[in-house]
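These notes are about the structure you will find just below.
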Amino acid sequence: MTEPRFDELIHAPTRLSLVALLAPADAVEFGYLREQLGLSDSALSKQISALGAAGYVNVHKENRGRGIRRTWVVLTDAGLTAFDGHVAALNQIVARARPAGLGATADPVPAPGADGPDPPSRRPG
């Protein structure tokens, strides 16, 4: 089992989405990541650089001839470990917020008027 460890670097929504795209793959082409994330080249490069500085990704450039270059992004073992730990930490946080025995889609509070008194308010005010 992966040790839960919240990772501030991965937690940023764009980087979390980026790492989630990289996790199941051996390598992902830069253009595909750009399209899936809806980012400009410079914005994606900035996110990749931040992850690279932490040792979470490697970048490989491939010359395909006639001036065509492809850039591949690879999640490192350290990156995958950090991602798995972050996901485990998020799952742990969510699990604490749910009453025991309820699934991800269960409604923990019955609808008002449904066979019994109205449930107490979950929020003050």
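The values are calculated or read from the model by the stated rules, or taken from the named source; none is laboratory data. Please read these numbers as outputs of a predicted model, since none were measured by experiment. Positions of Cβ are generated from backbone atoms using ideal geometry, with glycine treated the same way; all protein chains shown enter the neighbour counts.
Laid out as a table, the results:
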{"read-out": "Residue in the range 22-80 that is surrounded by the most Cβ atoms within 10 Å (Cβ to Cβ), counting only those that are farther than 29 Å from E3 by Cβ and among the polar types (S, T, N, Q)", "value": "T71"}
{"read-out": "Conditions (1) touching a helix residue (DSSP H, G or I) at 6+ places or on another chain (Cβ under 6 Å); (2) in a loop (DSSP other than H, G, I, E, B); number of the one not met by F83", "value": "(2)"}
{"read-out": "Test result for A95, at pLDDT 85 or above, over 29 Å from D26 (Cβ atoms) and not charged (D, E, K, R)", "value": "yes"}
{"read-out": "For H11: the one exception among (1) under 16 Å from L90 (Cα atoms); (2) surrounded by 14 or more Cβ atoms within 10 Å (Cβ to Cβ)", "value": "(2)"}
{"read-out": "Hits in the range 1-30 (condition: touching a Ser or Thr at 6+ places or on another chain (Cβ under 8 Å) and at pLDDT 95 or above)", "value": "E29, F30"}
{"read-out": "Of all residues making up the range 10-50, the number that are under 16 Å from the mean Cα position of the chain (by Cα) and of a type in the set (G, A, S)", "value": "7"}
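Table: residues versus (1) over 16 Å from A82 (Cβ atoms); (2) touching a residue at least 40 places away in the same chain (Cβ under 8 Å); (3) among the charged types (D, E, K, R); (4) in a helix (DSSP H, G or I).
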residue: L16; (1), (2), (3), (4): no, yes, no, yes
residue: P24; (1), (2), (3), (4): no, no, no, no
residue: Q36; (1), (2), (3), (4): yes, no, no, yes
residue: N58; (1), (2), (3), (4): no, no, no, no
